[in-house]
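Structure first, commentary second.
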Amino acid sequence: MASKEKAKHAAALALGFPEFSDQQALAHRAGVAAAVERFEQAAGEFNSPIRAVRYQPARAPQCTPLPDWVAPPVRTALAARGVEQLYTHQAEALAHLAHGRNVVVVTPTASGKTLCYNLPVLNHLAADPDARALYLFPTKALAEDQLHELQGGIDAMGAGIRAFTYDGDTPQDARKAIRERANIVLTNPDMLHSGILPHHTKWAKAFERLEYFVIDELHYYRGVYGSHLANLLRRLRRVCEFYGSSPRFICCSATIANPKELAEALAGVPFELVDRNGAPSGEKYFVFWNPPAVNRQLGIRRSYLHESRRVALEFIDRGLQTLVFANSRLATEVLLTYLKQACEPKPMSSDAVRGYRGGYLPKERRQIERRLRQGDIRAVVATNALELGIDIGSLDAIVMAGYPGTIASTLQRAGRAGRRQSASVAVMVASSAPLDQYVVEHPDYFFARSPEHAHINPDNLEIALAHLRCAAFELPIRDGEKFGAHDTRELCRFLEETGFLHHSAGAWHWTSDTYPADAVSLRSVSSDNFVVIDLTQDRAVIGEVSFPAALTTLHEKAIYLHDARQYQVEKFDYEGRKAYVRRVDCDYFTDAIEYAQVKILEQYQSAALNDAAAAHGDVRVNRQVVGWKKVKFFTLENVGAGHLSMPEQEMHTTSFWLHFPEAFLAAFPDLSPADRQSALVGLGNALRSVAALLLMCDPHDLGVAITEDPGQGLKAYEPDLYLYDSYPGGIGQSAPLFRLAPQLLAQAAELIGRCPCESGCPSCVGPPGEIGDRGKEAAQRFLAALLPASAARQSNLA
C-alpha cells in the first residue's frame, strides 16, 4: 500500500477497525446523499417537519511524529496497527503527562481519545513492569469493550502486561490473582466504592505502585453521581497517600462547557485542558425533525415514535446501516416492534433488525455488537447502552427518537455513525417535551459551542458525611485532616455520638460493626430506599427506589415503569418502606402533583431585573404529594387525576428565585390575580425546562414553588418563584442558575414564543387546563418585563 493510502487508513486501524474500501465509501456516500437530498426537498414543503439540515465537511487529520521517548515495544505495537504518527491532541496530552501533569482530553467521538491514556500507561509499563494503573468506566459493558481493545495492543507488544476487569461479575476465585498480579485494572465507581477501597489492604501492591488513574466519559459524572464520585476520589487519594503513591489523572470527556472545572472539582487536583482536535472525520449531515402539529390549540404533534420509524425505514430502504436511539426501555421495545413489522415483507433476514438495552444478557449483547461490526445487522434499536464508546464499527445513519437530554449526549450518539471517515447522517426527531421543542426550534443554539455546564456539589453535607464514614472505616481520620470543605473534627464528634467512631491517639477510629459502603448509594443523596414488590410474581422484589423519588412515583394508583412493563401501585407501606405493585397494560403514566412551601433561610446574592430581582441562597422546603394526574404516552395529554394525602417532608436545600414586588405586578392592571398566578405557574414550567438544558440535569432534579397569595387584602402580594434543588443540601445548581439568569430568561422567552400553540401546551408553559386561558400570554408579558428591552424584542420576533 502506498504511503499516502496507508496514512488514509491509519486512524481506522488505530481504532481496531477493518479497512473501508473506496468503493464501499462511494456507495455509502451516494446512499447518504440521496437520503439527505430527500430531506432538503421536504424542508421547503408546507408544514414540513424539517427544521434544519446542517453539513459538516470532511476533516483532514493533523498529525505529528511519535515522541522519541516512546518505548520500542509500544512503537512496534502501534506500527502493527498502522499507527506511525499521532494526532495533535494525542501528542499534546502525552507531552503534559510526560511532565507529570494531570490531563483532561475533550474531543469528539471516535477521535482516538483511548490512545491518550493507553499509550502513556503501556509505555510506562514497558519500562517498569511492576507499575499499576486503574481505569474507571461508568458501565461494565464499556470496561469489557475497552479491555478487548487494550488487550490487542498488549498482544502486539509481546509484553507480559496483565490487564483485567474487576466488577461484580468477576469470579471470586479470580479476584485474588487480579489484586496481586494485574498491571491494569478496569473497573467502575460502584466497585471502587464497595469492593476496592474498603479492602485496600488486599490491594496494597496496587496502591503502592499506582502511577495512573484514568476516568473515561467524564461528563457522565454530574449532579448527585458526580458529587459522590468526587468524595470517592477523596477517599482514593487518602489511601494512595497512606501507601506512598500519587497517581497522575487522565480524564476523557465529550464536549461540555467546563471540562477542566469539572475534572478539578472531581479529582481535587489541577488539570491541563486538551481540546484542539487533530483527528480526521468524514462528511456528516445533521437533520432536525419536528413532527407536525395535528392540534395547534392543544399543542399535540404526530407521534415522535411513528416519525422515527418513518425516518429509519428511509435509511434501511437505501441500504444504510442504521442505529436508532430511544430514551427509555419502553420506547425501545415499541420502536423495535414497529420496525420489525415494517421490515417483514422486505428481502432481508428475520433478525436483520435487533434491539439492544441493559436487560439483554451479556452474551447476547456481545453477539449483536459483533454482527454490527461485520455488517450482518441492518438496524439496531437501542437505549443509551450504545451511546458510550463501545466498538460497533462504522454505521451510516443515526436516528434519535427524542432529544437525549444534553447536547453532549446528542453529539455522542450522532458520532456513532461515520467512524471510519465515511459519509454519515444523523436525525434528531423531537418529542412534545419542552426540552425537545426548545432544541429542535433553535438549531443555532445547538450547533454553537456547547453551552452546557456540568455541576457537582461534593460538599453536600449528607453525601460528604456518608463518605467520611467510609473513609474512617478504611483508615483512621487524623486530627486536623481535611475532607473537602468541612471541619472533620465536628463531623467526627457527631459520628462518635452516633456510635460509629472513637477518638484515640490523635485520630478517629471506626468502632461500629457495620459496613458503611453498603449503606451508600452513589446515585442518590439518601440511602433510605423503598423496595418494590410485584404481587403478580409471587411477591418478587423487582426494584428499589430512593426515598424522595418513592413519594412521587410509588404512591397508591401510580403507574410504576420497570423493564418496559407497567405496574400499578396497589399499596404504599410508608413505615415499612415497601410498595406493592401489580402488572397492568395501559396507555398512560402518572405524574405526582406536589404542594411545596419554601422559606428563605439565607440569601447569598441578589441582582436587579428591571423592577424585579433574582437571587439564590439556602431555603427550607416543606413538600407534600397532594394528588396525581394521568398523562397519555407520546401526546402528553392530561387524561385524568386523583387526590392523595401523603406525609409532609421537610428538607434544607439551595434555591434560585425570582422576586416580583408590588411595583412589578402593578404594571399589569388588566391581569386578574388568577391570571398573575397562572403566569407564574407557566413561567415556572418553562424555566425548569430551560434550566435542565443549561445545567445538564433532569427536569425532576429541580423543584418549582410559588409563594402563596395571602388574599383578603392582608398585605401586598409580592410572590417569589423558586427553582430549588430537589435533593437535601443541594447538588450545586442554584448558584449557576443565578449566574445564568439573563440567559435562562431569554431562552424561556424563546421557548414560549416559538411554540405554535395558542394558549399553552405541555411543550411550553403547560396545558390551558392547568394554567388558564391567559397563562401563556401572561407568562410572555412577565418575561418581556424581566428582560432588557433588546432581548424582549428578539423573543417577541421569535
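Numbers at a glance
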read-out	value
Three-way shape label, region 573-691, alpha-carbon gyration tensor, a/c 1.5	oblate
Residue-by-residue Karplus 3J(HN,Hα) for region 193-203, coefficients 6.51, -1.76, 1.60, Hz, glycine and proline x	5, 10, x, 10, 4, x, 10, 4, 5, 6, 9
The chain: relative contact order in percent, alpha carbon pairs under 8 Å with at least 6 residues between	12 percent
Expected 222 nm ellipticity per residue - DSSP helices of 4 or more, -39500 (n - 2.57), all of the chain, to 500	-11500 deg cm²/dmol
With all protein chains modelled, accessible area of Asp436 [1.4 Å, Å²]	10 Å²
Separation between Cα centres of region 73-113 and region 149-185, rounded to whole Å	22 Å
Cross-link reach list, lysines versus Lys205, counting only Cα pairs under 27 Å and skipping chain neighbours closer than eight places	Lys140, Lys176, Lys482
Solvent-accessible area, 1.4 Å probe, carbon plus sulfur percent, for region 92-206	51 percent
Coil-residue GluC sites (Glu not before Pro) of region 38-115, DSSP, other Cβ within 10 Å capped at 10	Glu45
Magnitude of the charge dipole, region 388-494, Cβ model with Lys/Arg +1 and Asp/Glu -1, debye to 20	320 debye
Nearest-0.05 FRET efficiency for Gln537 and Arg38, computed from C-beta distance (R0 51 Å)	0.60
Given charges at beta-carbon only (K, R positive; D, E negative), |dipole| of the chain in Debye	2000 debye
Accessible area, probe 1.4 Å, largest first, for residues Arg539, Arg329, Arg413	Arg539, Arg329, Arg413
Length gained when the stretch Ser328-Ala98 is fully extended (0.36 nm per residue, less Cα-Cα span)	78.5 nm
Proximal charge balance of Gly703 [Cβ under 9 Å; K/R count +1, D/E count -1]	-1
DSSP H segments from the chain that extend 30 Å or more along their own axis, Cα-based, with Kyte-Doolittle mean of -0.5 or above	22-43, 223-243, 673-695
Exposure rank, largest accessible area first [Val541, Val704; 1.4 Å]	Val541, Val704
Charge dipole magnitude, Cβ of K and R +1, D and E -1 - region 516-640, Cα centre, debye nearest 20	200 debye
Note, ³J(HN,Hα) from phi for region 475-480, Karplus 6.51, -1.76, 1.60, rounded to Hz, x at Gly and Pro	8, x, 8, 6, 4, x
Potential extension, Asp528-Arg276 segment - 0.36 nm per residue separation minus Cα distance	86.3 nm
Dipole of the chain [Lys/Arg +1, Asp/Glu -1 at C-beta], most positive-end residue of Gly499, Ala408, Gln41	Gln41
Inter-label distance, nm, simple model (7 Å from Cα along the C-beta direction), Asp68/Gln743	4.5 nm
Global form of region 531-592, assessed from the alpha-carbon gyration tensor, a/c cut-off 1.5	oblate
Residue-span extension gain [Glu575 to Gln151] - 0.36 nm each, minus C-alpha spacing	147.6 nm
For the chain: rounded, prolate or oblate by the Cα gyration tensor [a/c cutoff 1.5]	oblate
For Glu441, net neighbour charge (Lys/Arg +1, Asp/Glu -1) across residues whose Cβ lies under 14 Å away	0
Residue-normalised accessible area of the chain, expressed per residue, 1.4 Å probe, Å²	41 Å²
Simple spin-label estimate for Asp317 and Leu461 in nanometres, 7 Å along Cα-Cβ	6.2 nm
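The values are calculated or read from the model by the stated rules, or taken from the named source; none is laboratory data. Computed from a predicted structure; not experimentally measured. Using ideal geometry, Cβ is built from the backbone for each residue, glycine included, and neighbour counts are taken over all protein chains shown. Note: accessible area is taken over every heavy atom of the protein model, side chains too, but ligands, DNA and RNA are not part of it. Shrake-Rupley method; radii C 1.70, N 1.55, O 1.52, S 1.80 Å.
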